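Report on one structure; see the data block that follows.
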Amino acid sequence: MEIRALRYFQTVAEFGSYSRASEFLRISQPAVSRQISKLEEELGTALFRRHGHGVTLTEAGQILLERSQLALLQLEQTKSEIRGDRGGPSGVISFAVPPAAGYFLAPTLVERFNAAFPNVFLRIVGGFSGYIQEWLTRGQVDLACVHDPLPQRGFEITLLVREEVYLVGRPGRVPFARDHARIADLSNLPLIVPSRPNASRRLLDRWIAERGITLDIKIEVDDHSVIRGLLREGVGFSLLTRGAFYADLRHGEVQAWPFRPRAHWRLALLTPVNVPRSDVIEAFIRTVRTVARELSQSGAWPTKSIDRA
């Protein structure tokens with residue numbers, strides 16, 4: 001397989017369209033089509049299904065996408081490491097983190113790592129933990145922080161911090177006068193939650209199973225910025241850690257109630273064990289752990305450090 005053909009294939013898969021992929025690549029559509037046809041001929045199967053609005057991946061195409069993303073990422077890292085011998089360590093690191101945790105972790109992490117490795121390019125992606133684990137499995141990111149990760153073969157879990165979970169909504173909208181929330185209160189509130197298997201949804205499912213309560217799930221939203229907008233407008237309530245609502249709280253646009261008994265999510269660093277780690281990746285892992293521990297212990301990140309390093 002040619003590297004060029006794999007890059008064209010990934011671009012078509014990303015845009016779901018030959019025409020949009022060719023525009024992005026700045027080459028003709030027939031040239032893109034020829035490269036995809038060569039791949040399909042070499043593999044003996046179709047990689048895309050054509051329909052009126054573009055293309056979607058076949059099962060074979062999905063497999064190739066997952067494998068090729070990892071292979072091309074490793075190739076880029078190898079090239080960067082070899083070139084780095086002439087000018088210090090270099091490379092590309094893709095790191096995924098939930099936005100709420102990234103709010104506190106990313107600024108210090110980026111500043112410290114860039115100071116130590118100025119030739120390494122960092123790519124940081126935000127998302128819900130359920131999606132992040134999927135990206136990591138597919139090789140779309142090198143390593144990630146996730147909330148309460150499910151055990152998964154081929155990945156190492158390193159616990160970092162424990163973040164408190166709050167009930168968050170528009171001020172003055174809750175039907176109780178207490179300064180805290182109880183799990184039973186959730187049955188009387190319209191809830192805005194992410195879809196399964198994200199961490200907050202799994203927490204809610206556990207509470208339902210343990211206490212037998214019924215919840216009013218008003219809407220499922222898999223985007224932090226959309227959830228924040230809905231909360232500010234008073235559409236409903238959600239379960240969030242402090243980083244997700246800190247800015248809105250400071251502006252008086254939302255109110256947060258801690259749970260009694262307190263509820264927490266554990267944030268962990270998830271790394272693949274079946275992929276060779278470069279010295280730069282190892283250094284980045286150490287930096288993530290150190291920064292998380294220091295921010296937690298100093299109080300700059302309102303969490304409790306649980307990293308046993």
Taking the range 2-14 and keeping only residues that are open to solvent by 60 Å² or more (accessible area, probe 1.4 Å) and of a type outside the set (D, E, K, R), one is left with Ile3
- Task: Answer yes if at least one residue in the range 20-35 is open to solvent by less than 60 Å² (accessible area, probe 1.4 Å), of a type in the set (Phe, Trp, Tyr) and closer than 23 Å to Gln140 by Cα, and no otherwise.
- Result: no
Practice item. Kindly check whether there is at least one residue in the range 205-213 that is among the charged types (D, E, K, R), open to solvent by less than 20 Å² (accessible area, probe 1.4 Å) and over 20 Å from the mean Cα position of the chain (by Cα). Key: no
Taking first residues from the range 1-18 that are more than 13 Å from Leu64 (Cα to Cα) and second residues anywhere that are outside any helix (DSSP H, G or I) and of a type in the set (A, V, I, L, M, F, W, C), the pairs with Cβ under 8 Å that are 6 or more apart or on different chains are Gly16/Val55; Ser17/Val55; Tyr18/Val55
Among Glu42, Glu23, the single one that is modelled with pLDDT of 90 or more and either charged (D, E, K, R) or in contact with a Cys (Cβ under 9 Å, 6 or more places away or on another chain) (or both) is Glu42
Within the range 223-241, the count of residues that are surrounded by fewer than 22 Cβ atoms within 10 Å (Cβ to Cβ) and out of contact with any helix residue (DSSP H, G or I) (no Cβ under 7 Å at 6 or more places or on another chain) comes to 8
query = Do we have any residue at all in the range 33-49 that's part of a strand (DSSP E or B) and at negative phi?
reply = yes
Within the range 45-56, the residues that are open to solvent by less than 70 Å² (accessible area, probe 1.4 Å) and at pLDDT below 90 are Gly54, Val55, Thr56
So, Arg262, is that one open to solvent by 20 Å² or more (accessible area, probe 1.4 Å) and within 19 Å of the chain's Cα centre (by Cα) or not? no
Taking the range 4-20 and keeping residues at pLDDT 85 or above and of a type in the set (A, V, I, L, M, F, W, C) leaves Ala5, Leu6, Phe9, Val12, Ala13
Q.
Against the condition surrounded by fewer than 19 Cβ atoms within 10 Å (Cβ to Cβ), among the aliphatic types (A, V, I, L, M) and over 21 Å from the mean Cα position of the chain (by Cα), how does Ala247 come out, does it pass?
A. no
The lone condition Ser200 fails out of (1) in contact with a strand residue (DSSP E or B) (Cβ under 6 Å, 6 or more places away or on another chain); (2) over 18 Å from Val226 (Cα atoms); (3) of a type in the set (Ser, Thr, Tyr) is (2)
When restricted to Leu189, Leu159, Leu143, the only residue modelled with pLDDT of 90 or more, open to solvent by less than 70 Å² (accessible area, probe 1.4 Å) and closer than 18 Å to Asp216 by Cβ is Leu189
Does Glu42 meet the test of being free of Cβ contacts under 8 Å to residues at least 40 places away in the same chain and exposed (fewer than 14 other Cβ atoms within 10 Å of the Cβ)? no
Counting only helices (runs of 4 or more DSSP H) wholly inside the range 219-309, the ones holding at least 3 residues that are at pLDDT 90 or above and more than 16 Å from Tyr103 (Cβ to Cβ) are 224-232, 279-298
Filter pass, Pro197 being assigned to a loop (DSSP other than H, G, I, E, B), free of Cβ contacts under 8 Å to residues at least 60 places away in the same chain and either open to solvent by 40 Å² or more (accessible area, probe 1.4 Å) or hydrophobic (A, V, I, L, M, F, W, C) (or both): no
Those residues of the range 103-116 that are open to solvent by 70 Å² or more (accessible area, probe 1.4 Å) and not basic (Lys, Arg) come to a total of 4
Among residues of the range 117-139 being surrounded by 15 or more Cβ atoms within 10 Å (Cβ to Cβ), of a type outside the set (Val, Ile, Thr) and under 17 Å from Asp279 (Cα atoms), the residue farthest from the chain's Cα centre (by Cα) is Phe117
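The values are calculated or read from the model by the stated rules, or taken from the named source; none is laboratory data. What you are looking at is a predicted structure, and each value in this text was computed from that prediction instead of being measured. Positions of Cβ are generated from backbone atoms using ideal geometry, with glycine treated the same way; all protein chains shown enter the neighbour counts. In case anyone asks, the SASA skips ligands and DNA or RNA and just uses the protein heavy atoms, side chains included. Shrake-Rupley method; radii C 1.70, N 1.55, O 1.52, S 1.80 Å.
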